[in-house]
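These notes are about the structure you will find just below.
Nothing in this text is a laboratory measurement; each read-out follows from the coordinates by a stated rule. Note that the coordinates shown come from a computational prediction; the quantities given were computed from them, not determined experimentally. Positions of Cβ are backbone-derived with ideal geometry, glycine not excepted, and every protein chain shown enters the neighbour counts.
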Amino acid sequence: MPLPERIEGYAIVSADGMLADAAGVMPDSLKFDADQRFFESGLDGVDVVVHGRHSHEQQRHSDLRQRLILSRKIQSLAADPSNKKTIFWNPAGASLEQALMVLDVPHSRIGVIGGTDVFSMFLGRYDTFHLTRVSNVRLPGGRPIFSDVPVLTPEAVLADHGLVPGPQKVIDAENGLTLVSWVRASKMR
């Protein structure tokens, strides 16, 4: 069965590694134009967006993208009756490759955008993970980016799964935003 061409993760987190508040909502304190531009540009380069039922990209081109939405409410794969570009996918009943075949994009470039379970599920498969940090925001009791956070930092989790950090880029100095793209060590040249 054909494998995906590339799998990339995209996330913005608070200083304490949270991607949403305790209610599961991404607060405005994690929303910045610089990150949104990077995020949208990255998703413009993927063939399929993968996320959970409560994650949204909320971008101008969202309705144009093919997507897999993870759901435990179905047995394996199901078409979304309201969007012909969307397939609901239960990884317990079908592989990623099978889901991509249903979307008719077996050799696709994939953008994973969360939430916690989805980000964690792909840890062994990311080619690159783009992690934006907001240094001056903390979300106590919030939803972590990975299931091992806050016991481990997001960076430690990525490193434990074979990813190596690239250079840190300041993308919004005024708001304390930095971006590090982590790359699978075996893919480095």
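Size of segment 61-117 from its Cα atoms: along the principal axes, largest to smallest, the extents are 29, 25, 24 Å.
Taking the longest Cα principal axis of the chain as reference, the axis of helix 33-44 is set at about 20 degrees.
Largest mean-square fluctuation among 171, 69, 12, in a Gaussian network model of the chain whose springs join Cα atoms under 10 Å apart, belongs to 171. Once you reduce segment 80-134 and segment 7-26 to the center of their Cα atoms, the two points are 17 Å from each other. For the peptides 72-81, 40-49, the ranking by packing is 40-49, 72-81, with the highest mean count of neighbouring Cβ atoms within 10 Å listed first.
One entry in (1) 24, 20, 15; (2) 26, 18, 16; (3) 31, 19, 17 is semi-axes √(5λ) of the Cα gyration tensor in Å calculated from the shown coordinates; its label is (2). Annotation: extensible slack from residue 23 through residue 173 equals 51.2 nm (criterion: 0.36 nm per residue apart, minus Cα-Cα distance).
When the convex hull of its Cα atoms is viewed from all sides, segment 47-151 shows a mean projected area of 7.9 nm².
Peptides 31-37, 18-24 ranked from most to least packed by the mean count of surrounding Cβ atoms within 10 Å: 18-24, 31-37. Compared with the alpha-carbon gap, the fully stretched path from residue 164 to residue 185 is longer by 7.0 nm at 0.36 nm per residue. Helices in the chain, meaning DSSP H runs of at least 4 residues, each add -39500 (n - 2.57). Divided by all residues, the mean residue ellipticity at 222 nm is -4500 deg cm²/dmol. If you take all other residues with their beta carbon under 10 Å from the beta carbon of residue 32, and give Lys and Arg +1 and Asp and Glu -1, the sum is -3. In this simple spin-label model, placing a label point 7 Å from the Cα along the Cα-to-Cβ direction at both residue 31 and residue 135 gives a separation of 2.5 nm.
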